[in-house]
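Report on the structure given below.
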Amino acid sequence: MMKRYLLTPGPTAIPPEVALKEALPILHHRTSEFAAIYKDVAEGLKYVFQTKNEVYTLATSGTGAMEMAVVNILSPGDEVIVASCGNFGDRWIKIAEEYGVKVISVSVEWGKVVKPEEIGRVLKSNSNIKAVYTTFTETSTGVANDIKSIGEVVSRTNAVLVVDAISGLAGQEFRTDDWKIDVVVSCSQKGFMLAPGLAFITLSDKAWELAETSKIPKFYFDLKKYKESYATNETPFTPPVTLIVALQESIRLIKERGLENMWNDHKILAKAARAGMKALGLNLFGEVPCEVVTSVSVPAEIGVEIVKTLREKYGVSVAGGQGDLKGKIIRFAHMGYIGKADLLVGFACLEMVLSELGVKVEKGKAVAVAEEELLKA
């Protein structure tokens, strides 16, 4: 029997307290008992998102929430900026174009980050821009965009700022209201330490004004339905009851630890991961590394094999590169329930796999260097 370790940027490991909630007898969703849970979850989500606005829980993946962030505030023919620095930024382009939205791409090479001043330049030259779409922590490359500065730039215009915080929320400092972000989407299987199946979206008053004039057809993804039901602590359609019950426990754990403490925990893990990778002679990929996943360049001839051997021989799941980066990078996550011991196991196994694949490695060095960083905390 092989013990499994999840060091992937989603799904992440689930705390036993959270997993056990899914084993409880299911509730009927049109009851006062479930309404109380749903209300508690709704208030807790405001804390995690750092917003005073309602946060709606959706029965979909993160991509479903992204689609909602397009269809609920835009109309066919609207012009938007998509500031992309990776695979998930590019997803904004694909969704918007599918609905007849005109996209002005402010894209950068994968591994680079979006420049707020470039967004400002395009906004200044085009007063028709309705929204700016971008990504917080781009896990396909391991970088973090300066959302605070981007929010400041966009807030000085009529456009709204829409941010994919799917991987970074609860793992790296993120303040929806203080950073002047109008729409934020996230999901359950990353910082929330939960199984896939839930997504979340919140809108500012500025974004709701756009929603009032949106002409893209929608039914299940019509956010006005969710807003109406929210007022009575209900959902417009059947919710994934067990996941929401488990989400309540996840939010409890986040509040118990405290968001700022969690941000700091992930920062410590990120420093240890970067140090360990450097000790192995692997170069960090990305000009501004995020705090929830560490990406490094690896020899292309063994990149795919590293990921496969780690998983099949040692039970350690990490992520490889996507798109043109397939086989060229590996990605070690340190988000959600991933902890110090998980990281050390990952490095010990990575040392063995690299050695087996012919890479000259000083065994124990990466683990020792990572330990030193963890001990400094």
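The values are calculated or read from the model by the stated rules, or taken from the named source; none is laboratory data. Everything numeric in this text was worked out from a predicted model, so none of it was measured. We place every Cβ from the backbone using ideal geometry, glycine too, and count neighbours over all the protein chains shown. All accessible areas refer to the heavy atoms of the entire protein, side chains included, with ligands and DNA or RNA removed. Shrake-Rupley method; radii C 1.70, N 1.55, O 1.52, S 1.80 Å.
May I ask you to say which residue of 291, 362, 301, 373 is charged (D, E, K, R), over 27 Å from residue 112 (Cβ atoms) and out of contact with any Leu (no Cβ under 6 Å at 6 or more places or on another chain)?
Answer to the check: 362.
Considering only residues of the stretch 1-40 that are hydrophobic (A, V, I, L, M, F, W, C), within 23 Å of the chain's Cα centre (by Cα) and closer than 14 Å to residue 241 by Cα, which is most open to solvent (accessible area, probe 1.4 Å)?
19
Let me spell it out: the conditions are (1) part of a loop (DSSP other than H, G, I, E, B); (2) surrounded by 19 or more Cβ atoms within 10 Å (Cβ to Cβ), and residue 342 meets all of them except one. Which number is the exception?
(1)
Per-residue answers, yes or no, for (1) over 20 Å from residue 186 (Cα atoms); (2) surrounded by 18 or more Cβ atoms within 10 Å (Cβ to Cβ):
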{"site": "253", "(1), (2)": "no, no"}
{"site": "278", "(1), (2)": "yes, no"}
{"site": "292", "(1), (2)": "no, yes"}
{"site": "303", "(1), (2)": "yes, yes"}
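Open to solvent by 10 Å² or more (accessible area, probe 1.4 Å), touching a helix residue (DSSP H, G or I) at 6+ places or on another chain (Cβ under 6 Å), outside any loop (DSSP other than H, G, I, E, B) and β-branched (Val, Ile, Thr): which single residue out of 70, 103, 122 fits that description?
Exactly one of 70, 103, 122 is open to solvent by 10 Å² or more (accessible area, probe 1.4 Å), touching a helix residue (DSSP H, G or I) at 6+ places or on another chain (Cβ under 6 Å), outside any loop (DSSP other than H, G, I, E, B) and β-branched (Val, Ile, Thr), namely 103.
Restricting to the stretch 183-216, give me the number of residues that are farther than 23 Å from residue 38 by Cα and assigned to a loop (DSSP other than H, G, I, E, B).
Matching residues across the stretch 183-216 total 5.
Kindly indicate whether residue 301 is among the acidic types (Asp, Glu), on the phi < 0 side of the Ramachandran plot and without any contact (Cβ under 8 Å) to a residue 60 or more places away in the chain.
Here the answer is yes, as residue 301 does meet what is asked.
From the set of residues in the stretch 345-367 that are surrounded by fewer than 16 Cβ atoms within 10 Å (Cβ to Cβ) and among the small types (Gly, Ala, Ser), which is nearest to residue 314 (Cα to Cα)?
355
Identify all residues within the stretch 234-280 that are in a loop (DSSP other than H, G, I, E, B) and free of Cβ contacts under 8 Å to residues at least 40 places away in the same chain; write none if there are none.
Listed by number, the residues that qualify are 236, 258.
Look at residue 226 and say whether it is touching a Pro at 6+ places or on another chain (Cβ under 9 Å), touching a residue at least 12 places away in the same chain (Cβ under 8 Å) and open to solvent by 20 Å² or more (accessible area, probe 1.4 Å).
no
Of all residues in the stretch 163-185, which are among the small types (Gly, Ala, Ser) and farther than 20 Å from residue 19 by Cβ?
165, 167, 168
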